[in-house]
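Structure record follows, encoded as structure tokens.
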Amino acid sequence: MRFAVRHLLACLALALAATALQAAPLRPKDQVLFMPGTARVLPDGQYELDVHAWLYHKSRIRGVNRALAHFLDIDLPQLTPAARGRFEERTGLFHTESNDERHISIVLDGATEPLPLPRTEDNGRSNARVVVAAAQVRSKDPFVRFHAWTAVGDSRRFQGQALLVPPEGLSVVSDIDDTIKKTHVRDRHEMLLNTFARQFKPVPDMALRFRLLSAADANTRFHYVSGSPIQLYPPLADFLRDSAFPPGSVHLRESTTWRTLLTTDATRAHKLAAVERLMQDFPQRRFLLVGDSGESDPETYAELARRHPTRVVAVLIRDVTDETRESPRYVSAFQDVDPARWHVLVDGAAWPALPR
């Protein structure tokens, strides 16, 4: 009898756990941001999607904009109306509260069955590898597209996507700030104004160079890896689209509060981890690493080139510090890296021929 009761209670617990894993419809105030991840083909022909979600709701605390502007040393009254509007828009996701201990489900576009994600953590994040049947993936679309499951009749649609990456081909890993977007990271005040108040400006010719790489091989894919916080993803996504950069996956630093906005110590670790994960997920692909000399891209990419000498076809560093490849910094950073496989890019100069 006792065994039967225990068995019944165990079955009931499992049933309740299974029910808890089914995501309840999102609440009216809930918001979901999906970062564009990657999708790969598994040996059995199914597809695995790397899904990164952030569940949050907007805060209504008064004076947050003034506090943030003070923290960033930006004088709001001195900004033009257009610049102030950009500031309010780009800092909007810093006025949020993350929702933990919650469940989200996604639904592939064109499908109806919800796919549950793990419960959100303290920072509102839910990251998962989701496996879907090949029949659910539109092979001619470079992305697997999905959305968060909401209540019936809820008109909101939180869209997400995962970049379809073939097993073989070239993966272009690119930094954003001062590599493809003018930011002036080395000047703190200019960097903050360029990030939060001014129109984003592309580095000349970089979008064209990337499009030429894309056109040269249909299996080429792009991965934008940056130390910028995920709260800046919406304006950065607009920048990539409006500047005609090839679409790709985006890997930003997971900062959830504006007080950690200017933390740069974790940027190198973030980039190393992001690229290593891409290389692990796609072991037959070759990698082109593109960055700039403003911060630690030379050292980060050189370390990756030493770890994976046969897979990193080249490292390209845009010069923003007036250093030649003979400078002590580069000599030290690229020690034991094939000299033919790393280059310093000067604006307006021709790109080197890339090894195959």
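Annotations for the structure displayed:
- Using a cutoff of 8 angstrom between alpha carbon atoms and counting only pairs six or more residues apart, the relative contact order for the range 165-261 works out to 31 percent.
- Shape parameters for the chain, alpha-carbon atoms, Rg then Dmax in Å: 22.4, 83
- Whole-Hz Karplus values for the range 168-178 come out as 10, x, 9, 10, 9, 9, 10, 5, 10, 5, 6 Hz, taken residue by residue from phi with 6.51 cos²θ - 1.76 cosθ + 1.60 and θ = phi - 60°; glycine and proline positions read x.
- Taking the longest Cα principal axis of the chain as reference, the axis of helix 81-90 is set at about 50 degrees.
- When the Gaussian network model of the chain links Cα atoms closer than 10 Å, the mean-square fluctuations of GLU295, GLU113, GLU303 top out at GLU113.
- Over the chain: helical MRE at 222 nm, DSSP H runs n ≥ 4 each giving -39500 (n - 2.57), nearest 500: -8500 deg cm²/dmol
- Relative contact order, whole percent, for the chain stands at 15, derived from Cα pairs under 8 Å and 6 or more residues apart.
- Taking amide H as placed 1.01 Å from N in the peptide plane, LEU345 has its amide H under 5 Å from the amide H of ILE317, ARG318, ASP319, each at least 5 places away in sequence or on another chain.
- Cα long-axis angle, helix 297-307 against the chain (0 to 90 degrees, to the nearest 10): 70 degrees
- For the range 164-250, the normalised intensity computed at q = 0.12, 0.13 Å⁻¹ comes to -0.37, -0.43 (log10 of I(q)/I(0), Debye sum over alpha carbons, equal scatterers, no solvent).
- DSSP bridge orientation in the chain - percent antiparallel, rounded to nearest 5: 55 percent
- Using a probe of 1.4 angstrom and keeping all protein chains present, the accessible surface of the chain works out to 51 square angstrom per residue.
- Radius ratio Rg over Rh of the range 60-158, counting only Cα atoms, Kirkwood formula for Rh: 1.12
- In order along the range 140-154, the phi-based Karplus estimate (6.51 cos²θ - 1.76 cosθ + 1.60, θ = phi - 60°) of 3J(HN,Hα) comes to 7, 8, x, 10, 8, 9, 8, 8, 6, 7, 10, 5, 4, x, 7 Hz; Gly and Pro are listed as x.
- Computed from Cα positions, the angle between helix 206-216 and the longest principal axis of the chain comes to roughly 70 degrees.
- Dipole moment magnitude, nearest 20 debye, the chain about Cα centre, only Lys, Arg, Asp, Glu C-beta charged: 920 debye
- The apolar share of the surface of the range 57-132, taken as the fraction of accessible area on carbon and sulfur atoms (1.4 Å probe, ligands and nucleic acids excluded), comes to 46 percent.
- Look at where the Cα atoms of the range 137-155 and of the range 277-331 average out, and the two centres are 35 Å apart.
- Using the Cβ-Cβ distance between ASP205 and GLU299 with R0 set to 30 Å, the FRET efficiency from 1/(1 + (r/R0)^6) comes to roughly 0.75.
- Here's how it looks for ILE106: its modeled amide H is under 5 Å from those of LEU115, LEU117, TRP149, which are all 5 or more places away or on a different chain.
- Top positive-direction residue, dipole computed over the chain with Cβ charges, set PRO142, PHE245, THR120: THR120
- Most positive-pole-ward Cα, VAL32, SER171, THR321, against dipole of the chain from beta carbon charges: VAL32
The values are calculated or read from the model by the stated rules, or taken from the named source; none is laboratory data. On a predicted model such as this, the values are computed, not experimentally measured, just so you know. Positions of Cβ are generated from backbone atoms using ideal geometry, with glycine treated the same way; all protein chains shown enter the neighbour counts. Side chains included, ligands, DNA and RNA excluded: accessible areas come from the protein's heavy atoms. Shrake-Rupley method; radii C 1.70, N 1.55, O 1.52, S 1.80 Å.
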